[in-house]
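**Q** Before anything else, here's the structure in question.
The values are calculated or read from the model by the stated rules, or taken from the named source; none is laboratory data. The shown structure was predicted, so the numbers you read here are calculated from the model rather than taken from an experiment. Please note: Cβ atoms are built from the backbone with ideal geometry, for glycine as well, and neighbour counts cover all protein chains shown.
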Amino acid sequence: MTRKCSTIASDASQWVGCNLCGVSLSVLLALTCLAVPPTALETVLIDGVPYLRNPEQPEEGTRVVQLEELWRAGGDDDEVFFGVIREVVSDDVGRLYLLDQQLTQVWVYAPDGEFLRTLSRQGEGPGEVNRPGDCFLLPAGGLGVLDRSPGKVTRVDLQGTPMSSLHIRRQGETGSGSMQVRSGLWRGGTLVLCGQERRQVDGQHLHIGFLSTFSEDGVEQQRLWHHDKQAWDFENRSFTEKYSYFVEDGRGWTIGPRGEVYVARERDRYAVHVYAADGTLMRVIEREFIPTQRSGKDKQRVAAGLTMTINGEVIQLDSDIMDTDPCLRQIHVDEQGQLWVWHARSLENQPEGIFASCDLFAADGRYLAQVQLAVEADPHQDRLIPLSGGRFVLLRGIIDAMDAMWGGSSKDESVADIVPLEVICLRADLSW
């Protein structure tokens, strides 16, 4: 309020010593400040659901958080050679579990960085997987590794002994079912899986995206969100980007400490929908945000990667590309119920020494601060994964590692010249 009054006083300085209808300037300014309160959180009820509408600027401004290295593994100077680390999770005592999608196993590290063992491997037998898409800790103390198709959660205990697998299916389905799974998480008593199911409707084979809660035996309980638009039209060899957005890769949804599910379900809106495990929409957390505009070159770059292969011939698809980037990149909820949001500009044009900026919301939905994460890293090559207890894992060189797995490189260099993937465990002091 002080800032607004100062601005008005400056604009009205030429009026000093004048009265308006008998009202002094000081009184007029005071009334003006009262009439235009500072921007703050607004709560609007829509169909009984509170929409928490935050302003563009956070309550407490910007916080710079220095990430300090605890240990590292992989890279040029380690005997361990990683393939492509798809996900990293931490247990209650601080051990890290790194899912290697390329090598089809999980690397286990102690809190101090000592390599302990590997879990699972490629195959069809107990405790083995073929196409791992994600991993997460189970309430009984084991680890679940998602095998994408047919949807299955392969379970092992933390020493590597196989446990019974969960075959993912809709209610009433038997056998392997029609569901493919891409990401999953178990937290606060809630098991959520995200993926696609195959359906035939009016002679068409459709892929329906789903985000659902599941029972402990793998049966779908409550569908929280779904996606039934078809972005790919193989008959007409076309792609429509506005129909392609969904949260199935696991970064656009998460679970809070009490089992509530957070979903960035809309591509072009800064909004996080929060659901109870029974499917009830509890609240929607929003903030003012202008989507990032794409240049013509940006759109061409997206379109260039859209191809299909028919009889060995690579065919460029006719594509309809959006003018803006998706608003939200990733969400995370910490042990205090605070929501961390990485948005479209979190990695772009950051100050020197800052890898990424993310938005921090209090457990009640207020936009508290912009948090700048300070660590030496390349936003075009590396990925930062938030964990519990103020820890993060930096996957240095993950983009080149992924390109190498698929037989190419994001740089103009041979695959042999690419620096091996490095895993760096970091710690941040979040006791603000």
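**Q** Quick test for you: out of Leu29, Leu34, pick the one residue that is over 30 Å from Tyr109 (Cβ atoms), of a type outside the set (D, E, K, R), in contact with a helix residue (DSSP H, G or I) (Cβ under 7 Å, 6 or more places away or on another chain) and at pLDDT below 50.
**A** Working: Leu34 fails: in contact with a helix residue (DSSP H, G or I) (Cβ under 7 Å, 6 or more places away or on another chain).
Leu29 is the lone residue from the list that is over 30 Å from Tyr109 (Cβ atoms), of a type outside the set (D, E, K, R), in contact with a helix residue (DSSP H, G or I) (Cβ under 7 Å, 6 or more places away or on another chain) and at pLDDT below 50.
**Q** Another question about this same structure. Check off (1) farther than 22 Å from Pro386 by Cβ; (2) in contact (Cβ under 8 Å) with a residue 60 or more places away in the chain for Glu286 and give me the number that stays unchecked.
**A** If we test Glu286 against (1) farther than 22 Å from Pro386 by Cβ; (2) in contact (Cβ under 8 Å) with a residue 60 or more places away in the chain, just (1) comes out false.
**Q** If Lys229 passes every condition in (1) surrounded by 19 or more Cβ atoms within 10 Å (Cβ to Cβ); (2) free of Cβ contacts under 8 Å to residues at least 24 places away in the same chain but one, which one does it miss?
**A** Lys229 satisfies all of (1) surrounded by 19 or more Cβ atoms within 10 Å (Cβ to Cβ); (2) free of Cβ contacts under 8 Å to residues at least 24 places away in the same chain except (1).
**Q** Among the residues of the range 250-264, how many are in contact with a Gly (Cβ under 9 Å, 6 or more places away or on another chain) and either surrounded by fewer than 22 Cβ atoms within 10 Å (Cβ to Cβ) or over 14 Å from Phe210 (Cβ atoms) (or both)?
**A** Counting residues in the range 250-264 that are in contact with a Gly (Cβ under 9 Å, 6 or more places away or on another chain) and either surrounded by fewer than 22 Cβ atoms within 10 Å (Cβ to Cβ) or over 14 Å from Phe210 (Cβ atoms) (or both) gives 9.
**Q** Tell me the residue from Thr280, Thr254 that is more than 23 Å from Leu387 (Cβ to Cβ), polar (S, T, N, Q) and modelled with pLDDT of 95 or more, please. Quick ask: steps written out before the conclusion?
**A** Details: Thr254 fails: more than 23 Å from Leu387 (Cβ to Cβ).
Of the residues listed, the single one that is more than 23 Å from Leu387 (Cβ to Cβ), polar (S, T, N, Q) and modelled with pLDDT of 95 or more is Thr280.
**Q** Could you look through the range 41-82, keep only residues that are small (Gly, Ala, Ser) and surrounded by fewer than 18 Cβ atoms within 10 Å (Cβ to Cβ), and pick out the one that is farthest from Glu288 (Cα to Cα)?
**A** Kept after step one, since they are small (Gly, Ala, Ser), are these residues of the range 41-82: 48, 61, 73-75.
Add one more test, that the residue is surrounded by fewer than 18 Cβ atoms within 10 Å (Cβ to Cβ), and what stays is 48, 61, 75.
Working: Gly48: 22, Gly61: 15, Gly75: 41 Å.
Per the criteria, the residue is Gly75.
**Q** Confirm whether Leu328 is farther than 30 Å from Arg237 by Cα and in contact (Cβ under 8 Å) with a residue 24 or more places away in the chain. Reasoning before the result, please.
**A** On the way: farther than 30 Å from Arg237 by Cα: no; in contact (Cβ under 8 Å) with a residue 24 or more places away in the chain: yes.
So Leu328 does not fit the description; no.
**Q** Pairs only if they're at least six apart or on different chains, beta carbon under 6 angstrom, first in the range 363-385 and on the phi > 0 side of the Ramachandran plot, second surrounded by 19 or more Cβ atoms within 10 Å (Cβ to Cβ) and assigned to a strand (DSSP E or B); list them, first residue then second.
**A** Close Cβ pairs (under 6 Å, with a partner that is surrounded by 19 or more Cβ atoms within 10 Å (Cβ to Cβ) and assigned to a strand (DSSP E or B)) amount to Gly365/Leu52; Gly365/Ile285.
**Q** Take the residues in the range 307-365 that are farther than 28 Å from Arg63 by Cβ and among the small types (Gly, Ala, Ser), then tell me which one is surrounded by the most Cβ atoms within 10 Å (Cβ to Cβ).
**A** Here the answer is Ser319.
**Q** While we're here: Return the pairs, sorted by first residue and then second, in which the second residue is at pLDDT 55 or above and not basic (Lys, Arg), the first residue lies in the range 410-432 and is farther than 20 Å from Asp100 by Cα and in the same structural domain as Ala110 (by TED's automatic domain parsing), the beta carbons are less than 9 Å apart, and the residues are 6+ apart or on different chains.
**A** none
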